[in-house]
Structure formats: structure tokens, C-alpha cells
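Structure first, commentary second.
Nothing in this text is a laboratory measurement; each read-out follows from the coordinates by a stated rule. It should be emphasised that the depicted structure is a prediction, and the values quoted were computed from it without experimental measurement. Reconstructed Cβ throughout: ideal geometry from the backbone, glycine too, with neighbour counts over all protein chains shown.
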Amino acid sequence: MIDALVDAGVDVVRLNLSHGTIDEHLERLERIRRSSERAGRHVGVLADLPGPKIRAGAFPDGGVVLEPGHRLELLTGEQPSSLHRVVVDVADAVSSLAVADRVVVGDGTVMMEVVEVNGDSAVAEVVTGGRVQGSPGVHFPSERVSAATPTSEDVALAEVMAAAGVDFIAVSFVRRASDMRAVREVVGDRARLVAKIETSSALGSLSEILAASDAVMVARGDLGIDCPLEEVPHLQKRIIRECVERGVPVITATQMLESMIDAAVPTRAEVSDVANAVFDGTDAVMLSGETAVGRDPVGVVTTMARIAARAEAQASYRGWADRLGRTQRNDWASFGDRITAALGHAASQAARDIDAAAILCCTRSGRTARAMARFRPEARLIGLSPDLRVVRGLSLSWGIDPVVVDTYTSTDEMVWHAVETAVQLERIEHGDTVIVLAGAPDGGSDAAADVLRVVRVA
């Protein structure tokens with residue numbers, strides 16, 4: 001199945017550490033690496049930390065349908081959940097509830113209202129019904145539950161997964177930049193950190209969180225519970241816009257093709273949702289339950305890939321690129337970043353002027369390729385690095401075709417081999433005109449990209 005998913009177009013596989021054992025996830029990581037190698041593609045792996053999320057005990061196989069008006073009991077414990085009770089795994093969570101509180105099961109699927117509290121248990125009535133299955137998250141009013149990010153379990157899992165070589169680690173329920181720094185202290189540079197924006201608190205500290213993160217996920221499920229639903233589309237656009245401006249890759253997630261958990265085709269609204277995320281400028285669109293428990297994981301990936309490809313053919317980023325060129329003088333972490341950003345802007349304009357077939361970014365850290373991706377060039381974007389970790393880390397960024405190359409001692413040699421490699425891999429062909437971005441080979445991973453060359457492929 002993993003082979004088939006990779007062939008269908010998956011660029012990054014997410015391991016949800018809220019489910020299963022660590023040994024199972026480590027085994028999956030090895031399977032993904034083998035599938036990636038067989039396919040000749042550099043597929044990234046993202047380990048998603050559980051965070052302080054409250055989860056329900058497992059529902060019976062196939063799940064249960066909770067109808068509006070149905071009453072059930074809320075309990076704390078380790079027992080399974082059923083049609084008549086939802087058991088949560090956080091001590092004192094239920095006892096903190098009050099009558100009229102709203103409790104949501106799953107990513108907004110089922111909403112209940114508390115009608116009675118009896119010490120350590122409560123009775124809730126289903127307001128919005130639906131099917132629940134597996135061990136879904138349960139959202140309590142934020143003022144009822146105090147939880148810290150990262151949890152001790154998160155820290156332990158981050159250490160194990162970083163040591164195992166995952167490419168990304170997602171931090172759940174981020175509220176402030178210090179949450180990301182706490183995980184960074186454990187992970188170091190062994191994996192890139194993804195901040196999941198799913199709380200109203202995070203929105204108030206978005207700039208600081210972006211500065212402390214390598215990527216961002218718009219986690220619309222819990223974001224749509226913590227904030228008014230009608231705000232979610234506008235928040236999505238705002239987060240994506242700020243990420244693109246800063247060169248931070250951004251994932252749009254949750255319920256993108258939710259109906260395909262059971263159905264063979266998505267709803268028209270879901271198709272529009274995926275396409276609009278592409279038009280917004282997102283780097284990646286993510287599937288969750290559709291591939292984790294859905295009837296046809298390969299079919300849903302193929303469907304999403306078709307929608308994304310069609311949307312990209314329609315999207316126009318020229319105005320966006322021009323605006324970025326005017327505003328990018330602000331908020332760069334270093335002078336080197338400013339140079340790299342300026343060269344990316346120049347390459348974007350030059351590629352248009354000469355109708356370049358591709359832009360080749362030679363990079364040790366991935367920054368040059370990510371800076372170039374901000375401009376959403378029409379030319380093919382190829383990221384070349386001698387570091388396999390960097391190449392896998394580019395799998396999440398918009399439009400980048402990641403390629404491993406050897407290490408070279410001079411800029412001339414680097415440029416020549418970059419072009420030659422792209423020809424051999426059939427990314428470009430003889431007669432094409434390409435642009436190559438590079439920095440000094442001996443400049444280290446923090447060196448700025450300060451070379452732009454136009455090459456006519458002989």
C-alpha cells in the first residue's frame with residue numbers, strides 16, 4: 001500500500017504518533033524509506049506529536065453513529081467508548097465541565113452540549129450528529145482544561161523520531177514561540193519543526209511562531225473549534241500569506257476530501273476547497289482520515305493530485321511574485337538571507353524574461369530553493385543538494401523537485417554538474433535555457449546564494 005501511495009503522488013508521509021506504538025511507527029518509517037528508494041523519489045516523513053490533546057477510548061470497529069438528540073455519558077478512564085458513553089483519557093477533564101459547555105468529538109464531526117454534571121461524570125446531548133470511529137480527539141472548552149506544550153511524552157517521542165531520521169516533526173497545539181524552542185532544544189538540527197496552528201492563542205503570536213519554525217500546518221480541525229467556523233477561511237488565507245512572505249513552507253490540513261473516507265468520489269465543495277488552498281498559495285495539502293481509515297487510500301491521493309495539478313495550471317502567481325519583490329526587505333534574520341531573497345527575486349524575473357525551462361537551485365541547507373519557491377515561478381524548480389536530509393526536507397515545499405548531487409570544489413564545477421545532472425534525470429533537455437542559483441561551495445550551510453547564471457544547454 002505504501003508503494004502504491006508513493007506511486008500515486010505522495011510527497012510526504014505523516015506518522016500520527018497519537019495512534020499506535022513507537023515500534024510500529026519506526027517500522028513504518030523503514031517501509032517508507034524502502035518504498036521511496038524503489039520509486040526513485042525522495043519522499044519525506046513527518047512525525048506528528050500527540051500534544052496535550054484529549055482522546056476518546058476506542059470505538060467499536062466500524063465506529064458508531066451519534067444522532068442529534070441522543071444522550072450519552074462522559075467519563076474519565078481507560079475503557080473503550082461506545083454508543084452510550086465517551087471515555088476520555090485525561091484525569092479531571094470531565095469533572096471540570098459545566099452545564100451548557102460544548103464538547104466536540106473528532107475534527108468537528110460531532111458536537112454535544114453538557115446537560116448534567118455528576119462529579120466525575122457528565123451527561124451530554126448530541127447537537128450535531130455523525131459517525132465517530134477509532135480513538136478521535138475530544139475538544140473541551142479551553143478554559144476548562146490547562147495543558148502545556150510540549151508534553152513530557154512529546155519530548156520523549158521527538159527524541160526517538162529525530163534519532164530515527166524523520167525529516168519533519170510537527171508540534172501540536174502550539175501557543176507561543178517558546179513551545180517550538182522547547183522542542184528545538186531536544187531535536188536540534190536533526191529534523192525540521194512544523195508548528196501546528198490550531199489555537200486562538202497561536203494566532204496572536206503568529207509572527208514569533210513563524211520565526212521559530214521551519215514549516216507551519218494550518219490545522220483547521222481544532223482551529224475551527226477554538227475559533228468561530230466562519231473565521232477559518234480567512235485565517236487560512238492569512239496564515240498562508242504570512243508563511244509565503246517569510247519563505248516558511250505551509251501545509252493546509254483537515255477534512256480536505258473527508259467524504260472519501262466512505263465515498264468513491266469527493267463532494268464538489270471538497271474539490272473547490274483543495275483547489276482554493278492551491279490558489280491561496282499553500283505549499284502542500286494534507287490527507288488524514290481519508291488515507292488512514294478510508295476505503296481507497298490510493299484513489300483519494302490520486303484524486304487530490306489531479307485537483308492540485310489542475311489548480312496549478314490555472315493559478316497565476318505573477319502578481320504575487322511582484323508584490324513579494326517589493327515587500328521582502330523586512331524581517332530577514334540575516335544579511336545573507338536578504339542576499340538570497342534578492343537573488344531569488346531576480347531569478348524569478350529573469351526566468352520570465354527569457355522563458356527559462358527550469359531554475360536550478362544548488363543548496364547546502366535548502367534555503368536557496370525555499371527562497372526561490374516563494375515566488376512560485378512558472379519554470380520548473382529543481383533543488384540540488386549533496387545532503388540527503390536537505391533533499392528530503394525540500395519534499396514539503398511548493399514546486400521543488402529535489403535531487404541529490406555530489407559535492408564540488410568550485411562554483412563553475414557545481415553549475416556544470418547541476419545542469420548535467422538535470423539533463424541525465426530528464427528534468428531538462430538539450431536546447432533548453434535554464435537559470436542556476438548557487439553560492440560559494442566552501443561557504444558552509446549558512447552561506448548566501450550569490451551567483452545567478454543563465455545557461456543554454458548544449
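Taking the longest Cα principal axis of the chain as reference, the axis of helix 411-424 is set at about 70 degrees. Its Cα gyration tensor gives the stretch 249-323 an equivalent ellipsoid. The semi-axes, each the square root of 5 times an eigenvalue, are 25, 12, 9 Å from largest down. With angles folded into 0 to 90 degrees, how steeply does helix 177-187 sit against the dominant principal axis of the chain? Use alpha carbons for both and round to 10. With rounding to tens, the tilt is 70 degrees.
Annotation: amide H of GLU116 within the under-5 Å range of VAL123, sequence separation 5 or more or interchain, hydrogens built in the peptide plane. The HN-Hα couplings worked out from phi for the stretch 228-236 by the Karplus form 6.51 cos²θ - 1.76 cosθ + 1.60 (θ = phi - 60°) are x, 3, 5, 7, 4, x, 6, 5, 4 Hz, whole numbers, x standing for Gly and Pro. Remark on LEU15: its backbone amide H falls under 5 Å from those of LEU46, ALA47, ASP48, a criterion applied only to residues 5 or more positions apart or on other chains, H modelled at 1.01 Å from N. Shown for ASP89, ASP283: other C-beta atoms within 10 Å of each C-beta, ranked fewest to most, produce the order ASP89, ASP283.
Each of VAL391, PRO141, ILE428 was scored by the projection of its Cα onto the charge dipole of the chain, and the greatest displacement toward the positive side belongs to ILE428; charges sit on the C-beta of Lys, Arg, Asp and Glu.
Spherically averaged projected area of the convex hull of Cα atoms, the stretch 107-174: 6.8 nm². Here the simple spin-label model places points 7 Å from the Cα toward Cβ, and for GLU231 and ALA148 these points are separated by 2.7 nm.
Here the stretch 90-135 is treated as a sphere whose radius is the Kirkwood value from Cα pairs; by Stokes-Einstein at 37 °C and 0.692 mPa s it diffuses with a coefficient of 295 µm²/s. Helix 268-280 axis versus longest C-alpha principal axis of the chain: approximately 40°, rounded to the nearest ten. Summed over qualifying helices (DSSP H, 4 residues or more, each -39500 (n - 2.57)) and divided by its residue number, the chain shows a 222 nm mean residue ellipticity of -11500 deg cm²/dmol.
How much of the pair distance distribution for the chain lies past 34 Å, counting alpha-carbon pairs only, in percent? More than 34 Å apart: 34 percent of the Cα pairs in the chain.
Estimated from the Cβ-Cβ distance and a Förster radius of 56 angstrom, the FRET efficiency linking GLU159 and ASP296 is about 0.95. For MET217, the residues whose amide H sits under 5 Å from its own are ALA195, LYS196, ILE197, ILE251, ignoring neighbours fewer than 5 places away on the same chain, with H placed 1.01 Å from N.
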